[in-house]
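No value in this document is a laboratory result; all are computed from the given coordinates. It should be emphasised that the depicted structure is a prediction, and the values quoted were computed from it without experimental measurement. Reconstructed Cβ throughout: ideal geometry from the backbone, glycine too, with neighbour counts over all protein chains shown.
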Amino acid sequence: MPEGSHRFQVGSINCTVLSDGYYSYPSSWLFPNADPADLSGALVSHHLPPDDVLSPYTCLLIETGRHIVLVDTGAGEYSSTSGAIQARLEMAGIRPKDVDTVILTHAHPDHIGGAIDLCGRPAFPNARYVLSELEWEFWTGARTDLSHLRVPDAAKESLQSMARRSLGVLRHQIEPIDRETEVVPGVAAIPAPGHTPGHLAVLIASEGHQLLNLGDAAVHPLHLEHPSWENGFDLDPGCALATRRQLMERAVAGNTHLMAFHFPFPSIGRVAAKNSGWLWTPGW
Ligand SMILES: [Zn+2]
């Protein structure tokens, strides 16, 4: 289990990354188009085992002084190695009823599962849940097509059933957005499609400082070092690669700190352009 939380400032805004847990994925799911020998070599050079990738789940608590915002909610009961977000919030002094805004970068179970409590009710009873309208329509519509995902059928079925169940529970509190939107002062949701149709990134800005939360626009630092390596969970890999490039160029140009939900905890760092990709340096 990684460490639980890490607190830092973005200008006058308090931010805390909170570990919900982790999950281990076959490396072939996360890097389906990488040459197997190149992938093994890259993982070993990062002192990682070649066959499976231990992937942290990291949520972001934002306290602006007027608003308490949670970006992504972890997997809740959907995985036995996650679901720690409520305990982490409690340790940070936050009760579920204190959270007034939840931003869901997308509706995959590792991001939305913790939005539901063990009784099947919204876990944050007073919150509005901000989600892309495209994401809502994709998962709740009649024809959710996951055929392009390069993961086993059982994983696709899980994604679909968990998204539908979670969004059904949350339907009265969902606030759909259809463009870049300032959710609360200093916190903007930015369309970042490809991983899912309505995937969002989140930009926190205060007093000249910025943090860009990538969500799942990249799920491992190797996706930045090797910008042609796709993620098997990306619904539209070409769009996902273009989005990732746009976000990286924005981060490099703005000297912006980054956060990524699945990067090694505490999941914050910076990038610098290197060769055809970007080198991840962890830390604030
Ligand atoms: Zn994810």
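List of remarks:
- Normalised contact order of segment 164-259, rounded percent, pairs of Cα under 8 Å and 6 or more residues apart: 24
- Rounded to the nearest 20 debye, dipole of segment 126-284 from Cβ charges on Lys, Arg, Asp, Glu: 220
- Applying 1/(1 + (r/R0)^6) with r as the Cβ-Cβ distance of HIS6 and ASP145 and R0 = 35 angstrom yields a FRET efficiency of 0.35.
- Summing Cβ point charges (Lys, Arg +1; Asp, Glu -1) relative to the Cα centre of the chain gives a dipole of roughly 440 debye.
- You can think of it this way: the chain between ARG245 and HIS209 has 10.8 nm of extra reach, that is 0.36 nm per residue less the Cα-Cα gap.
- Loop-located trypsin sites (Lys or Arg not before Pro) in segment 45-123 (DSSP state not H, G, I, E or B) with no more than 16 neighbouring Cβ atoms inside 10 Å: ARG66.
- Site-free segments of the chain were taken between GluC sites (Glu not before Pro) in DSSP loops having at most 16 other Cβ atoms within 10 Å, sites themselves excluded; the longest one is 4-179.
- Charge dipole magnitude, Cβ of K and R +1, D and E -1 - segment 226-284, Cα centre, debye nearest 20: 240
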